[in-house]
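Single-structure report; data block below.
The values are calculated or read from the model by the stated rules, or taken from the named source; none is laboratory data. Owing to the predicted nature of the structure, the values given are computational and were not obtained by experimental measurement. Because the Cβ atoms are built from the backbone with ideal geometry, glycine has one as well, and the counts that use them run over all protein chains shown.
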Amino acid sequence: MAQHSDRTSAPHTLGVIGAGVVGLCSAVRVLERGIPVVVYSERRFGDHSSARGLSSVAAPAMFTPYAGADPARLARWCRSSLDEYRRLAEHPAQTGVRIGVLREYCYAPHLSNGPFTDVLPERALPHVPPGFAYAYDTQRPHILTATLLPWLEGRIAALGGTFVARAVKSPAELFDAGHATIVNCTGVTAAALSSDPLVRPLAGQVLHVANTIGLTRSVQDDARRPGSSNATYVFCYGDRLVLGSTFREGDWSEAVKTDVEHDIIDRCRELLRVDGWANWDDLARGEAIARHVGLRPGRGPTGITEDPRVEVEPAGRDPDGHPRRVIHNYGHGRSGVTLAWGCADDVAAWAAASPEGEGGREKS
């Protein structure tokens with residue numbers, strides 16, 4: 001794929017920091033506005049060395065909204081993203097996106113008029129197993145990021161965008177390289193790059209196994225099992241199942257833990273038993289396909305982990321008097337894939353607006 005020099009002479013060329021799903025979707029939307037883009041990332045999907053914070057590590061992904069600090073704003077982003085994923089699902093082999101059933105079992109009473117019920121209409125199950133308060137099905141995107149990320153990179157290249165393999169420690173580096181506008185999509189590393197004390201990792205361990213039990217739908221609980229804050233899920237991607245997970249807030253370790261894996265498998269088997277899947281006890285009896293610990297980029301005060309920073313920050317002027325600005329787009333917690341396109345729409349609108357005006361500023 002095309003590379004770019006470290007220096008760009010065009011002040012209107014936009015620099016994106018980060019090549020996870022949030023950064024790549026932002027780059028696509030900005031390029032679609034006719035604005036040149038250079039994407040900076042130390043590693044991209046094709047580099048299988050350690051890639052802290054890169055969304056490929058946690059692949060595949062489920063479209064999963066969380067209420068966060070501003071439910072109305074998050075719901076708007078979710079609607080935009082859902083519309084795009086439905087379009088991408090028309091070509092699943094190319095994009096890695098398909099629409100499938102997710103069944104959720106809720107330990108706690110369900111909020112029937114929550115902010116996302118109009119985004120993802122629910123079909124309540126007529127019979128709720130003992131120990132649960134509610135159960136329902138939704139149709140939602142299942143996203144193979146191992147397919148989606150290369151597709152997004154190809155889309156960026158087709159639109160004329162370029163990539164630079166470079167670790168960026170400060171927006172000032174890219175201002176010095178000639179960019180007037182920078183989009184900060186650094187995920188969990190924004191804690192250091194943006195000196196943001198609200199950012200912390202949400203470590204999640206998952207296991208990928210072959211679908212030897214013939215599962216045809218995804219199943220999860222609401223992460224409110226008594227005595228635990230961990231979600232239990234079995235996400236179905238055809239011949240592959242993803243089992244999870246953990247929720248270790250503030251934990252930077254990416255080490256896979258055997259005892260945690262055994263607990264995940266036990267919880268997932270029990271959930272499939274509750275769901276009535278006949279051969280639930282055969283789950284994960286063979287060799288694992290993959291094991292991962294991903295660091296989700298949480299953000300927010302205590303008790304909140306989905307408070308994305310999506311806003312414009314003025315950054316002075318260059319020696320020729322051009323205004324500089326940073327468009328922040330990070331801190332999506334567990335909903336990076338879910339919110340990516342909606343946030344990218346905002347980023348692109350601000351990128352196309354005059355940096356001299358106030359119309360491109362929105363503080364969250």
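Within the range 189-197, the presence of a residue that is closer than 22 Å to A352 by Cβ and either among the polar types (S, T, N, Q) or at pLDDT 95 or above (or both) is excluded. Against the list (1) among the basic types (K, R); (2) crowded, with 17+ Cβ neighbours inside 10 Å; (3) farther than 27 Å from A172 by Cβ, the condition R285 fails is (2).
Filtering G160, G187, G131 for residues that are touching a residue at least 12 places away in the same chain (Cβ under 8 Å) and under 21 Å from the mean Cα position of the chain (by Cα) leaves a single hit, G187.
Residues considered: G294, G316. Of these, the only one that is at positive phi and either assigned to a strand (DSSP E or B) or of a type in the set (S, T, Y) (or both) is G316. Annotation: of all residues in the range 237-255 being hydrophobic (A, V, I, L, M, F, W, C) and not in a strand (DSSP E or B), the one that is surrounded by the fewest Cβ atoms within 10 Å (Cβ to Cβ) is A255. Within the span defined as the range 50-72, every residue fails to be closer than 24 Å to T162 by Cα, touching a Phe, Trp or Tyr at 6+ places or on another chain (Cβ under 8 Å), basic (K, R) and modelled with pLDDT under 95. Regarding the range 123-134, can at least one residue be identified that is in a loop (DSSP other than H, G, I, E, B), crowded, with 18+ Cβ neighbours inside 10 Å and touching a helix residue (DSSP H, G or I) at 6+ places or on another chain (Cβ under 7 Å)? No, the range 123-134 contains no residue that is in a loop (DSSP other than H, G, I, E, B), crowded, with 18+ Cβ neighbours inside 10 Å and touching a helix residue (DSSP H, G or I) at 6+ places or on another chain (Cβ under 7 Å). Filtering the range 317-332 to residues that are at pLDDT below 95 and of a type in the set (G, A, S) leaves only G321. Annotation note: of H328, H332, H322, the sole residue that is closer than 24 Å to F247 by Cβ and of a type outside the set (F, W, Y) is H332. Within the bounds of the range 199-210, is there any residue that is among the charged types (D, E, K, R), over 22 Å from A133 (Cα atoms), surrounded by 13 or more Cβ atoms within 10 Å (Cβ to Cβ) and more than 21 Å from the chain's Cα centre (by Cα)? So far as the range 199-210 goes, no, none of its residues is among the charged types (D, E, K, R), over 22 Å from A133 (Cα atoms), surrounded by 13 or more Cβ atoms within 10 Å (Cβ to Cβ) and more than 21 Å from the chain's Cα centre (by Cα). Scoring R299 on the criteria (1) crowded, with 20+ Cβ neighbours inside 10 Å; (2) more than 14 Å from C185 (Cβ to Cβ); (3) not acidic (D, E) leaves a single failure, condition (2). If you check H328, H292, H262 for being touching a residue at least 12 places away in the same chain (Cβ under 8 Å) and more than 21 Å from V39 (Cα to Cα), only one passes: H292.
Touching a residue at least 12 places away in the same chain (Cβ under 8 Å), among the hydroxyl-bearing types (S, T, Y) and on the phi < 0 side of the Ramachandran plot - does that describe any residue in the range 303-310? Yes, the range 303-310 has at least one match.
Residues that are out of contact with any helix residue (DSSP H, G or I) (no Cβ under 6 Å at 6 or more places or on another chain) and buried (at least 17 other Cβ atoms within 10 Å of the Cβ) within the range 224-236 comprise R225, N230, A231, Y233, F235, C236, listed in sequence order. Check whether at least one residue in the range 141-153 is under 22 Å from V310 (Cβ atoms) and among the charged types (D, E, K, R), and report yes or no. No, because not a single residue in the range 141-153 is under 22 Å from V310 (Cβ atoms) and among the charged types (D, E, K, R).
If you check I304, I265 for being part of a helix (DSSP H, G or I), surrounded by fewer than 20 Cβ atoms within 10 Å (Cβ to Cβ) and not hydroxyl-bearing (S, T, Y), only one passes: I265. Taken over the range 165-184, the residue count meeting the criterion of being surrounded by fewer than 23 Cβ atoms within 10 Å (Cβ to Cβ), over 17 Å from R317 (Cβ atoms) and touching a residue at least 40 places away in the same chain (Cβ under 8 Å) is 4.
Annotation: T145 fulfils all but one of (1) exposed (fewer than 15 other Cβ atoms within 10 Å of the Cβ); (2) modelled with pLDDT under 95; the unmet one is (1).
Against the conditions (1) touching a residue at least 12 places away in the same chain (Cβ under 8 Å); (2) under 23 Å from the mean Cα position of the chain (by Cα), T117 satisfies every one except (1). Restricted to the range 268-282, and to residues that are free of Cβ contacts under 8 Å to residues at least 40 places away in the same chain and closer than 15 Å to Q220 by Cα, which residue is surrounded by the most Cβ atoms within 10 Å (Cβ to Cβ)? Here the answer is C268. Restricted to the range 16-32, and to residues there that are among the small types (G, A, S) and within 12 Å of C343 (Cα to Cα), the residue that is farthest from the chain's Cα centre (by Cα) is A27.
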